[in-house]
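Below is one structure, written out as structure tokens; comments come after it.
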Amino acid sequence: DIRHGEQAKLSLAVNGTINRYHAPGLVLAFTEKHPNAHLQLEELPSRQVLQAVVNGGAEIGMGPFQSHMPALETIPLFEELRTLVVARNHPAIDELRRDPLPALAELPLLASFLDDPEERPGVERIRDHFQRVWEVRSISLRLRLLAEGHAVGYVSDQILVHESLCENLEDIRGLPFSRIPRSVGLVKRRDSTPSAGARNFIRLCRERWPA
């Protein structure tokens with residue numbers, strides 16, 4: 001046990017939303033308990049968080065789950081809703097309110113990461129409804145581009161309640177992909193036993209989001 005002399009180790013990969021709103025408090029609580037811990041934290045796009053755990057680049061991942069993760073064990077923490085939004089001053093706002101699907105075909109979609117199209121079946125490729133995809137890792141820059149009316153994009157409810165830049169955004173409604181619910185939590189490899197540091201971090205997360 002760490003309390004009896006073992007140095008805590010925590011190798012963690014998180015997505016941008018987690019890193020912005022939840023990781024600071026969790027990591028602070030962890031380091032207060034384990035001031036001599038060996039800590040490695042990396043921010044990655046959500047899909048790459050999962051890949052980092054599968055490849056051994058991180059022991060624990062934290063972010064939204066994917067539908068197919070056979071190599072990973074999940075620990076659900078909370079639910080997230082991603083909503084397709086546009087600025088009210090966007091040049092195409094009237095068309096998007098009246099008939100959004102053809103309007104989207106002329107507009108760029110903002111995303112944090114663009115994965116290989118061959119990795120997903122065609123029915124799941126939401127990107128096909130847009131003119132192009134702008135890959136922008138920074139949450140702050142994505143929000144600024146959205147607020148200034150340069151693109152449309154998905155924004156988590158975690159972000160909508162915290163950021164003043166979201167005050168000028170409205171939902172794009174009436175589409176089967178207007179809203180995307182996701183489960184968010186921790187992942188680890190199924191064939192691995194978590195280290196003492198990882199077990200303690202998992203405990204902190206369960207205390208933060210009790211079942």
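The values are calculated or read from the model by the stated rules, or taken from the named source; none is laboratory data. No experiment lies behind these values; they were computed from the predicted model shown. Cβ atoms come from the backbone with ideal geometry, glycine included; neighbour counts cover every protein chain shown. These accessible areas exclude ligands, DNA and RNA; they are computed on the full protein's heavy atoms, side chains included. Shrake-Rupley method; radii C 1.70, N 1.55, O 1.52, S 1.80 Å.
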Handout entry: Under DSSP loop assignment and at most 16 Cβ neighbours within 10 Å, longest trypsin sites (Lys or Arg not before Pro)-free interval of the chain
Key = 1-87
Handout entry: Gaussian network model of the chain, springs between alpha carbon atoms under 10 Å - residue of Glu59, Glu32, Glu79 with greatest fluctuation
Key = Glu32
Exercise for the section: Express the carbon and sulfur contribution to the solvent-accessible surface of the chain as a percent, rounded to the nearest whole number, probe 1.4 angstrom. Expected result: 48
Exercise for the section: Work out from phi, with θ = phi - 60° and the Karplus expression 6.51 cos²θ - 1.76 cosθ + 1.60, the ³J(HN,Hα) of each residue of the range 131-136, listed in order in whole Hz, and give x for Gly and Pro. Expected result: 5, 7, 10, 9, 8, 10
Practice task
With a probe of 1.4 Å, find how much accessible area the range 69-211 has per residue, and write the answer as a whole number in Å².
Solution key: 55
Exercise for the section: Using label points projected 7 Å from each Cα along Cα→Cβ, tell me how many nm separate Thr193 and Asp99, to one decimal. Expected result: 6.3
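Scale the Cα Rg of the range 133-211 by the rule-of-thumb value 2.2 N^0.38 Å and send over the ratio, two decimals.
The reported ratio for this selection is 1.50.
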Practice task
Would you give the gap between the C-alpha center of the range 17-75 and the C-alpha center of the range 125-198, rounded to a whole Å?
Solution key: 17
Practice task
Please report Rg over Rh for the chain, where both radii come from the alpha carbon positions and Rh follows the Kirkwood definition.
Solution key: 1.02
Practice task
For n ≥ 4 DSSP H runs only, could you compute -39500 (n - 2.57) per run for the chain, divide by its residues and tell me the 222 nm figure to the nearest 500?
Solution key: -8000 deg cm²/dmol
Practice task
Take the eigenvalues of the Cα gyration tensor for the range 47-93, scale each by 5, and report the square roots as semi-axes in whole Å, largest first.
Solution key: 32, 13, 9
Practice task
Hey, can you grab everything whose amide H is under 5 Å from the amide H of Glu42? Only 5+ residues off in sequence or another chain; H modelled, so Pro and N-termini drop out.
Solution key: Leu12, Ala13, Val14
